[in-house]
1. Within the range A:153-172, list the residues whose amide N lies under 15 Å from a label point set 7 Å along Cα→Cβ of A:V110.
2. Rounded to a whole number, what % of the accessible area of the range B:122-257 do carbon and sulfur atoms account for, probe 1.4 Å?
3. Roughly how tilted is helix A:7-29, in degrees to the nearest 10 and between 0 and 90, from the longest Cα axis of chain A?
4. Once the Cα atoms of helix A:119-129 and of chain A are each reduced to a long axis, what angle between those two axes, in degrees from 0 to 90 to the nearest 10, is obtained?
5. Can you give me the distance in nm between label points at A:V22 and B:C328, each placed 7 Å from the Cα along the Cα-to-Cβ direction?
6. Quote the convex hull volume per residue of chain B, based on C-alpha atoms, as a whole number of Å³.
7. Express as a percent, rounded to the nearest 5, the fraction of DSSP beta bridges in the range B:4-249 (both residues included) that run antiparallel.
8. Using helices alone, what [θ] at 222 nm do you get for chain A, with -39,500 (n - 2.57) per DSSP H run of 4 or more residues, divided over all residues and rounded to the nearest 500?
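The values are calculated or read from the model by the stated rules, or taken from the named source; none is laboratory data. On a predicted model such as this, the values are computed, not experimentally measured, just so you know. When we count neighbours, we look across all protein chains shown, and the Cβ atoms used for this are built from the backbone with ideal geometry, even at glycine. Calculation scope for accessible area: heavy atoms of the full protein, side chains included, ligands and nucleic acids excluded. Shrake-Rupley method; radii C 1.70, N 1.55, O 1.52, S 1.80 Å.
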Amino acid sequence: MSLLGNPTVRVSGGIVLFIALVALLGPFLSPNDYLSTNFDELLSPPSFDGARFFGTDDLGRDLFVRTMLGIRVTLVVAIVASFVSLVIGVAYGAIAGFVGGRVDAAMMRVVDTLYALPFIFFVILLMVVFERNLLLIFVAIGAVNWLDMARIVRGQTLSLREREFVAAARLMGVSPARIVFRHIAPNLIGIVVVYVTLTIPQAILVESFLSFLGLGVQEPQTSLGALVDAGVNQMEGASWTLLIPGGLLALILMCFNFLGDGLRDVFDARHVS
Amino acid sequence: MSLLELEKLSIRYGNTTVVDNLGFTVGEGESVGLVGESGSGKSQTALAILGLSPRGAQVSGNIRFAGSDLAELSQRELDKLRARRIGIAFQDPSQALNPYLRVGRQLREILVRHGIAKGKDADRQVMAMLERVGLPDTERQFMAYPHQLSGGMRQRVMLASALIAQPDLLIADEPTTALDVTVQAQILDLLEEIRDNTALLLITHDLGIVAGHCERMLVLERGRLVDAGATTALFASPGHAHTRALLAAAPRIDTSDIPDAVHGKSILGVESATVSYEERGSRRLHAVSDVDLSLHVGETLAIVGESGSGKSSLVSAILGLVPMESGCVVYAGSELNGPVERRGKRQARELQLIFQDPIGALNPQMRVRSLVGEPLVVHETQLSSRQRLGRVTEALEQVGLDAGYLERFPHELSGGQAQRVAIARALILRPNVLVCDEAVAALDGSVRQQVLSLLRQVQDETGLAIIFISHDLAVVRSISHRVLVMYMGRFVEVAENDALFRHPRHPYTRALIEAVPVPDPLVPPRKAPLQGEVPSLLKPPPGCVFHPRCPLASDVCRQSCPGARDIDGTRVACHHAD
């Protein structure tokens, strides 16, 4: 397969993997931990002394370890939320598209209605009414993103259903279940994979946004969005507290976007040629 | 001096050479046919002459037009030359015409931009041109958008735009390939009529068209010119093996080499089948109205008719892919009802279909081994995977593909190979009835011959009954035992092959046969037998639906729909048949 032959996929995928790996192992290798404060070293700049690679924050906590922790949380939130949207969206869209007719019309009107809700306010409300916790963030973000996925999958299923190879399968006596799993689903994978890699950065953004507003993960836990929020307050004296987590957030977002683009090229090429 | 001169023209894309060292000339007023199979570089050559080669093409060699080397002209001079002295007509007018501009404005722009005429004068010239290409009601067509015209009318507009500047050379790239045969005949007539002194470079895969309309012909094979000369001479004694092969593969409607009649017992019967689709605005479109059909063991029944005649709808309904509004299908003594999913395993095993687009009928994500093996997975569950692989290999061998193809994906196959895979899949359960819906229409001549002889061989060995849908009457003549003719979803005529082609009783059948170009320069091309085009199925004419185009139409035809009658073994629906 030409997945690794595509330079965009290779480079952006490599960077994401590398960041994820460092985020996973980094904290174990560092002598510092994310909790302990050191009032002798408030807002000290990055240095190799005492392995303070990213410096410390206003409470003297080690920013390297905290950033790695933030990346973990951000990636986990993004991936779990995308997975939630993937499962709901694909199942909903494929059913609507394959069954068609009135069922399809009714199901898609539900999606249209949900689209009309201002979701960010909705999510903020949820956060305020219920206690803040990580699970709620997963659910909230997933619930926003599955709508797009459902529409895309439904459209694709509708057009696949009319293709001649599906008619050929029907004539051969292939059961509807086998048609869905053997003939329609494999042809959906391309577009779904591409779309998931494009939802991940969206989920990351929503999570960062919520954390930036102070509605995301709770201290002393942290995420990239929360770190950026804290960094903004120290921007003038200690720019690294903003630039490092902000820069990493931008890098991760960019890599996922490029990864999506690259994957789309790879899958498109297979369909065109 | 020749008008157009090509010398050592080569076109490359990266390492692939699509046109190799090509040289030929077109004299003033001459008509030259450029023939070859798909991928032989015909269209690439045309685009290079026009300076329109796609990005990435490396073009070398000399192209001289009326003495000047095209490579030395500036972009402005080239534009002017293209507009005023070279006209071009493409295969698909619906893509070559701008959908957002009224027809009249598109033509007018050519005149105005290149300073040939302006103002009222330009309008007048456009009107005159539209009238010359045979558009009825020119005032209205002037204001029409391309989508409001039928395919034939659009191609007429295309020709009008190619010829309005009175060019010295017209390049026509497969100008009639997308059209029905009766309309094709009209366009070819028109081309002859309005060409005057314009030289013609006609690109086509159809040797019948070359034989009737070109003085000289050039034969391309994989980018190389293999044969060139006067059409009559080349047809009489082709110089190159490839030309011989092309000629041998061109089916002739006037052949006498047809299959012998067979006398099997009836296996499939259809009575008064009617199929209709709901259109927007709750109107119903009757694609098939009250058609009977019977098919015998070991027989090939061809269904012919122009597009919109309901051929495909009829077989889709027979197979249960679309619902039948009324009528019944009887297969081997039992009735088949409802959608295919409810018809049980028997139909799924014994009735098979082959589609026109071979690649589209194969799941792009499956390898050949699982594509061909799928019917076995569904119906012969007792087979071990090794036995299944054995059967698959056997089925592929039968269609002339070796085991090397097992692991390929559909996009790694050529059109001919993909169609063979589709045939292998259809035949692996040893069906009794095979429906071929334009199964060879997308294939090149030589590949088409191979697929047809494969079908014939399977039929001889197994007594397979075949329904063969085709718009190509020459192919039908060479393969079928009986022929059913349809028009606008109605039954027209059914007869034995020889009877139908020698003594067509319905005027529509006669017109269809006459409209087919014969690949023989000694047979003079006939005038288009039918004028006009197929009316909309949403508004069928009253009485006999064929009467507006029928040369024999009389009052009775306008008032009452003819029933089917038997005359000497031919069943025909016409008031005037005898």
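1. Counting backbone N atoms under 15 Å from the label point, the list is A:154.
2. For the range B:122-257, the apolar C and S fraction of the accessible surface comes to 46 percent.
3. It works out to around 40 degrees.
4. For A:119-129 against chain A, the angle is about 60 degrees.
5. 7.7
6. Convex hull volume per residue, Cα atoms: 172 Å³.
7. If we restrict to bridges inside the range B:4-249, about 55 percent are antiparallel.
8. -24500 deg cm²/dmol
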